[in-house]
Amino acid sequence: MSIPSRKDKPAASSATPETYHVSGPRHVAIIMDGNGRWAQARGRPRLFGHHAGAKRVREIVEACPRLGVQYLTIFAFSTENWKRTQVEVAGLMSLFRRYISREMQALAAKNVRVRFIGDRERLDAKLTALMDQLERATAGNDGTQLTIALNYGGRDEVARATQRLAVDIAKGRLNPDDVDEETLPRYLDTCVLPDPDLVIRTSGEARISNFLLWQSAYSEYEFIDTLWPDFTEQEFARLCDKFGNRDRRFGAVKL
Ligand code: FPP
């Protein structure tokens, strides 16, 4: 398994949704926040907001090729989200099942490859079967690489990775002296993905909420006020364009 290499600072670009962004972010990760407030502002139950949020996912996935985004990772359900009411958790699980069943063909036809990250142990068997099915159905696709974080927590991921690594050491497959910054990521759920270049969080909260903790060490962050169901391709394009104009040095000094 190869560790993804970091990209050099991209050159500036001028973006419109029609433009191919050679200098934009290759991997964008999104914390899709604000569904509940969006629904409450309309006097509707929180699940109404989640349904609107799911529709927005499709539009943003479809925009990726136009924006030059090869990898899109979205935070759909965190290890902390189980603390929500039983009605909301059950509604979200049912929404994920429906989303996968309904979108399966469209995603496959659009050359999108879907992967899931997170701990599947606590998810119900019907949902995990659909997740496996969607991963298999899109495994041969080389278009947008969509990763859905479901029952995902960054600390939980590192703990699970460490457990697997410890088993390899115990079985003599790995030497403790060889454990370094290159070794650990091979045990993470994201082992086949490059690190995110840009992490976007909608809804005005400036927190990372346990999302991609290891992987986002050098990511750029954008915290925007827009609630997730209102997030558009135009705003996505603007953020990608802004990224293209940033000076990324990864801790080094640019001469
Ligand atoms: C956070 O908003 C959002 C979630 C916990 C769920 C995210 C789910 C979706 C966008 C829908 C479906 C996704 C897929 C992949 C089908 P919030 O409820 O915390 O909003 P609030 O902060 O306004 O309460």
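The values are calculated or read from the model by the stated rules, or taken from the named source; none is laboratory data. On a predicted model such as this, the values are computed, not experimentally measured, just so you know. As a convention, Cβ positions derive from the backbone with ideal geometry for all residues, glycine included, and neighbour counts pool all protein chains shown. All accessible areas refer to the heavy atoms of the entire protein, side chains included, with ligands and DNA or RNA removed. Shrake-Rupley method; radii C 1.70, N 1.55, O 1.52, S 1.80 Å.
Computed quantities for the displayed model
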read-out: Accessible surface, 1.4 Å probe, highest first, among residues THR144, THR226; value: THR226, THR144
read-out: Computed lengthening from VAL87 to ARG136, 0.36 nm per intervening residue step minus Cα-Cα distance; value: 14.6 nm
read-out: Cα-based shape type of the stretch 205-244, given that a ≥ b ≥ c are square roots of the gyration tensor eigenvalues and the cut on a/c is 1.5; value: oblate
read-out: For ILE169, solvent-accessible area (1.4 Å; no DNA, RNA or ligand), Å²; value: 50
read-out: Cα pair count fraction exceeding 13 Å, expressed as % - the stretch 69-134; value: 69
read-out: Whole-percent carbon and sulfur share, accessible surface of the chain, 1.4 Å; value: 49
read-out: Computed over the stretch 124-255: relative contact order in percent, which uses C-alpha pairs under 8 Å that are six or more apart; value: 20
read-out: Cleavage-rule hits (chymotrypsin sites (Phe, Trp or Tyr not before Pro)) in the stretch 171-255: DSSP loop, at most 16 neighbouring Cβ within 10 angstrom; value: TRP214, TYR218, PHE250
read-out: Calculated P(r) of the chain - Cα pairs past 30 Å, %; value: 28
read-out: Count, lysine Cα pairs under 24 Å in the chain, 8 or more residues apart or across chains; value: 8
read-out: For the chain, built as a Gaussian network whose Cα springs stay under 10 Å, the top-fluctuating residue of ASP197, ASP168, ASP230; value: ASP168
read-out: Positive-end residue of VAL167, ASN141, PRO185, charge dipole of the stretch 141-207 with Cβ unit charges; value: VAL167
read-out: VAL87, VAL61, ranked by accessible area, largest first (probe 1.4 Å); value: VAL87, VAL61
read-out: Where the chain is the region considered: accessible area per residue in Å², 1.4 Å probe; value: 50
read-out: Phi to ³J(HN,Hα) by Karplus 6.51 cos²θ - 1.76 cosθ + 1.60 over the stretch 214-222, Hz, x for Gly, Pro; value: 5, 6, 9, 3, 10, 6, 7, 10, 10
read-out: Mean Cβ neighbour count within 10 Å, used as a protection proxy, ranking 131-142, 71-82 highest first; value: 71-82, 131-142
read-out: Estimated dipole of the chain in Debye, rounded to 20 [Cβ of Lys and Arg +1, of Asp and Glu -1, Cα centre]; value: 620
read-out: Sequence-distant residues sharing a close amide H with ILE200 (under 5 Å, placed H); value: ALA29, ILE30, ILE31, GLU222
read-out: Residues with amide H under 5 Å from that of GLY34, placed H, sequence gap 5 or more; value: TRP228
read-out: Relative contact order, percent, the chain [alpha-carbon distance under 8 Å, six or more residues apart]; value: 32
